[in-house]
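The values are calculated or read from the model by the stated rules, or taken from the named source; none is laboratory data. Since the structure is predicted, the reported quantities are computational estimates derived from the model, not experimental observations. No Cβ is skipped: glycine too gets one built from the backbone with ideal geometry, and neighbour counts run over all protein chains shown. For the accessible areas, the whole protein counts, side chains as well, though only heavy atoms, and no ligand, DNA or RNA atoms are used. Shrake-Rupley method; radii C 1.70, N 1.55, O 1.52, S 1.80 Å.
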Amino acid sequence: MGDDIDARYEVPRTAEFIRARAYTRVALQFPDEMLRDAAAVAQALRRELGGGGVKLFVMADTAYNSCCVDEVGASHIDAQCVVHYGHACMSPTSNLPAFFVFGKTPLDTDACGRSLLECSRESDKRILVFYGLEYAHALDDLKAVVAELYKSHSCSVEVQYADVLCSVMSPSSAAEVEHGQSDGSTHSDDLSIQSDVATFVNNCCNVEGSTRKYSLGGLTWSTSIDDNMEDYLLYWIGQDNSAFANIVLTFNKCDIVRYDTVANQPSRDVSHLMKILRRRYYLVEKAKDANIVGILVGTLGVAGYLHIIEQMKDLIKAAGKKSYTLVMGRPNSAKLANFPECEVFVYVSCAQTALLDSKDFLAPVITPFESVLAFSRGREWTGEYLLDFKDLITTDKPEISSTTEEARFSFIKGGYVEDNCLEDNEEQPETSLALAEVTEKALSIKNQNNDAVLYQGGAKSAIDYLKARSYRGLTGEYEGPAPDSVLTGRTGRAAGYNNEKKEITQ
C-alpha cells in the first residue's frame with residue numbers, strides 16, 4: 001500500500017521539491033475523490049522528508065473550484081507553497097508557488113494505439129493528440145506503441161503529441177521556463193509566470209518566428225505558421241469533462257475524436273457540446289437586453305482576475321448599464337436568488353469552470369467573452385469562442401456608447417429597443433452617506449408602474465428595483481396610522497405576574 005501511494009502521488013518527487021526550496025509550511029490540496037488518501041499521502045510525505053521541521057496541512061472543500069490552486073485557504077495557514085493533487089486547470093497563480101501532482105490513471109496503450117491507427121486510415125489529416133493530465137504518465141509508452149503500429153502497417157500519417165506545460169508554477173517577475181523530464185514524464189519542471197498583465201494577452205496562441213505556439217488547459221504544442229488548427233484531426237484521450245469541453249469549444253471548427261478510456265473505443269459524437277454553443281448564443285442575446293448586471297467573482301487566486309473585473313465594469317458602464325460586483329464563493333441558484341434585480345450575471349473564473357449551467361437560475365450566467373459580445377455595440381459572433389479570460393485582457397478603455405445611436409433589434413423581445421443613456425447610470429460620489437442619501441431620495445418617489453419595473457426589466461439600477469417593490473424590509477418610513485401611546489406592561493414571571501398576586505391576596 002505504501003509503495004502504491006508513493007508511486008501514484010509522486011511522493012519522492014514532491015519531497016525533493018520541498019527540500020530544494022526549503023519550505024517549512026506546505027499546504028496539500030486534495031479534490032473530493034482523492035480525499036480518502038489524504039492521510040496516507042501526508043504520512044508518506046512526512047516520512048520521506050524525515051522531519052526537518054516541515055509542517056504539512058491538508059486542505060479540502062475549496063472555496064471555489066478544486067481545479068484551481070486555493071491560495072485563499074493556503075493563506076489562512078500561512079503556507080509557503082501549495083501541492084495540488086488531481087485534475088488541474090493550470091491557471092497561473094497570483095501569490096503562491098504551486099507543485100502539481102496529476103495522478104496516474106491507467107491507460108490501455110495498445111487499444112489506444114490501435115484506435116489512433118484506425119483514425120489515421122479514415123482521415124487524411126494530420127493527427128494532434130490531446131489528453132487529460134492524469135494520462136500524461138503513459139504518453140511515452142503510447143508513443144512507442146503507435147510508432148511500432150505505424151511501422152508494421154506502413155502508415156505515413158503524421159502524429160503530433162501535445163506536452164504538459166509544467167509541473168511547478170511560480171508567480172515571479174522573471175518569466176522563464178526550464179524544460180526537463182523527471183520520472184519519465186514529458187512535462188517541464190518549472191514555469192514562472194510573469195505577473196505583468198500584458199503577458200496574458202493572447203496567451204492561447206503566440207507567434208515566434210515561423211512557429212505558432214499554443215497553450216491551453218495545461219497542454220502546449222507548436223505548429224507551423226502556415227498551418228491552421230483546422231488542418232489537424234484532434235484526438236482527445238480522456239473523459240468527457242470540462243477539460244475536453246474547453247478543447248472542443250475553443251477549436252469548434254476542427255474534426256475531433258474522443259477516445260473513451262473506460263470503454264476503450266473512440267467516439268466522434270460531440271453534438272451535445274455543439275448544442276452548448278447554440279444555447280450560449282441565446283444567452284448572449286438575452287444579456288443584450290439587460291439593464292442591471294452582476295459580476296460574480298469565481299476565483300481569488302487566478303492571476304489577472306482583478307484586472308478582468310475592472311475591465312468588465314468599464315465595458316458594462318460604457319454600454320449604459322449598471323453593474324454590481326458579488327463575492328459569494330461557489331454560486332448556486334439559492335445564492336443568486338437573493339439578487340433578483342440582476343438580469344444577467346458575468347462569471348469570472350478559470351477556463352474550465354467558466355461554463356456554469358444556469359438552467360435552474362432565475363437569471364442567465366455568461367462568461368467574460370460572451371459579455372464582450374453582448375455589451376459591445378455592433379460586434380457580431382464569428383464562431384470564435386474563448387473561455388480563458390486572460391485572452392481578453394487589454395489595456396484599452398472601451399468606447400462609450402453614444403446616446404444618439406439607432407435602436408437595435410432584440411431577438412428576445414421581437415422588436416426594436418433603445419438602450420439606456422449613459423447619463424442615467426452615472427455613479428454617485430463615493431461618500432460615507434452617498435448610498436443612504438440616494439436610497440432615501442429614490443424611496444420617496446412614488447413609482448406609478450411597478451409591474452413594468454419588476455417584470456419587464458424597466459429598472460436601471462438596484463435602487464429603482466427596490467422602490468418598485470411592495471415590501472422593502474425595515475425602513476424608517478411609516479405610512480400607517482399613528483401608534484398608540486406607550487403603556488406600562490405586566491411584570492414578574494409567567495407563573496404569576498405581580499398584579500395577579502395582588503388580586504389573589506385581596
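State the number of residues belonging to the stretch 118-132 that are open to solvent by less than 10 Å² (accessible area, probe 1.4 Å) and either of a type in the set (D, E, K, R) or assigned to a helix (DSSP H, G or I) (or both). Please lay out each step first, then the result.
Step one: of the stretch 118-132, the residues open to solvent by less than 10 Å² (accessible area, probe 1.4 Å) are 119-120, 127-132.
Filter once more, keeping what is either of a type in the set (D, E, K, R) or assigned to a helix (DSSP H, G or I) (or both): 119-120.
Qualifying residue count for the region: 2.
Applying the condition of being of a type in the set (S, T, N, Q) and not in a loop (DSSP other than H, G, I, E, B) to the stretch 23-79 and asking which residue is nearest to Ser91 (Cα to Cα) yields Gln29. Taking the stretch 133-164 only, how many residues are under 28 Å from Ala7 (Cβ atoms) and either open to solvent by less than 20 Å² (accessible area, probe 1.4 Å) or part of a loop (DSSP other than H, G, I, E, B) (or both)? Summing the residues that are under 28 Å from Ala7 (Cβ atoms) and either open to solvent by less than 20 Å² (accessible area, probe 1.4 Å) or part of a loop (DSSP other than H, G, I, E, B) (or both) in the stretch 133-164 gives 9.
If you filter the stretch 166-186 down to residues that are at pLDDT 85 or above and crowded, with 20+ Cβ neighbours inside 10 Å, you find that the one that is nearest to Phe102 (Cα to Cα) is Ser167.
Return yes or no: is Trp236 in contact with a strand residue (DSSP E or B) (Cβ under 7 Å, 6 or more places away or on another chain) and surrounded by fewer than 21 Cβ atoms within 10 Å (Cβ to Cβ)? Even if it seems obvious, please write down each step before you answer.
On the way: in contact with a strand residue (DSSP E or B) (Cβ under 7 Å, 6 or more places away or on another chain): yes; surrounded by fewer than 21 Cβ atoms within 10 Å (Cβ to Cβ): no.
For Trp236, the condition - in contact with a strand residue (DSSP E or B) (Cβ under 7 Å, 6 or more places away or on another chain) and surrounded by fewer than 21 Cβ atoms within 10 Å (Cβ to Cβ) - is not met.
Matching residues to (1) modelled with pLDDT under 90; (2) of a type in the set (Phe, Trp, Tyr); (3) not assigned by the TED database to the domain that holds Leu219:
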position	(1), (2), (3)
Gly50	yes, no, yes
Phe57	no, yes, yes
Ala63	yes, no, yes
Asp70	no, no, yes
Ser75	no, no, yes
Gln80	no, no, yes
Gly86	no, no, yes
Pro97	no, no, yes
Leu117	no, no, no
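Just name the residue that is surrounded by the most Cβ atoms within 10 Å (Cβ to Cβ) out of those in the stretch 30-39 that are modelled with pLDDT of 90 or more and in contact with a Gly (Cβ under 8 Å, 6 or more places away or on another chain). Restricting to residues being modelled with pLDDT of 90 or more and in contact with a Gly (Cβ under 8 Å, 6 or more places away or on another chain), the top hit is Phe30. Scanning the stretch 70-90 for residues that are aliphatic (A, V, I, L, M), under 26 Å from Gly53 (Cα atoms) and under 18 Å from the mean Cα position of the chain (by Cα) turns up at least one hit.
Just wondering, is there one or more residues in the stretch 245-267 that are in contact with a Phe, Trp or Tyr (Cβ under 9 Å, 6 or more places away or on another chain) and small (Gly, Ala, Ser)? The answer is yes, given that some residue of the stretch 245-267 is in contact with a Phe, Trp or Tyr (Cβ under 9 Å, 6 or more places away or on another chain) and small (Gly, Ala, Ser). State which residue is least open to solvent (accessible area, probe 1.4 Å) when the search covers only the stretch 455-503 and only residues that are among the aromatic types (Phe, Trp, Tyr) and modelled with pLDDT under 80. That would be Tyr465.
When the test is whether a residue is crowded, with 20+ Cβ neighbours inside 10 Å and within 27 Å of Asp3 (Cα to Cα), Ala74 does not pass it.
Counting only residues that are farther than 23 Å from Arg278 by Cα, under 22 Å from the mean Cα position of the chain (by Cα) and modelled with pLDDT under 55, give me the strands (runs of 3 or more DSSP E) lying completely in the stretch 338-454 with at least 1 of them.
Working: elements: 344-348, 408-410, 415-417.
In the stretch 338-454, there are no strands (runs of 3 or more DSSP E) which contain 1 or more residues that are farther than 23 Å from Arg278 by Cα, under 22 Å from the mean Cα position of the chain (by Cα) and modelled with pLDDT under 55.
Restricted to the stretch 337-365, and to residues there that are of a type in the set (Phe, Trp, Tyr) and open to solvent by less than 30 Å² (accessible area, probe 1.4 Å), the residue that is nearest to Leu387 (Cα to Cα) is Tyr347. Annotation: Trp221 fulfils all but one of (1) at pLDDT 90 or above; (2) not assigned by the TED database to the domain that holds Glu122; the unmet one is (2).
When Val164, Val157 are screened for being of a type in the set (A, V, I, L, M), over 34 Å from the mean Cα position of the chain (by Cα) and under 20 Å from Trp221 (Cα atoms), only Val157 passes. Just a yes or no: is a residue in the stretch 250-266 closer than 27 Å to Met169 by Cα and touching a strand residue (DSSP E or B) at 6+ places or on another chain (Cβ under 8 Å)? Within the stretch 250-266, one or more residues are closer than 27 Å to Met169 by Cα and touching a strand residue (DSSP E or B) at 6+ places or on another chain (Cβ under 8 Å). Considering each residue of the stretch 323-332 in turn, at least one proves to be touching a residue at least 60 places away in the same chain (Cβ under 8 Å) and within 22 Å of Ala243 (Cα to Cα).
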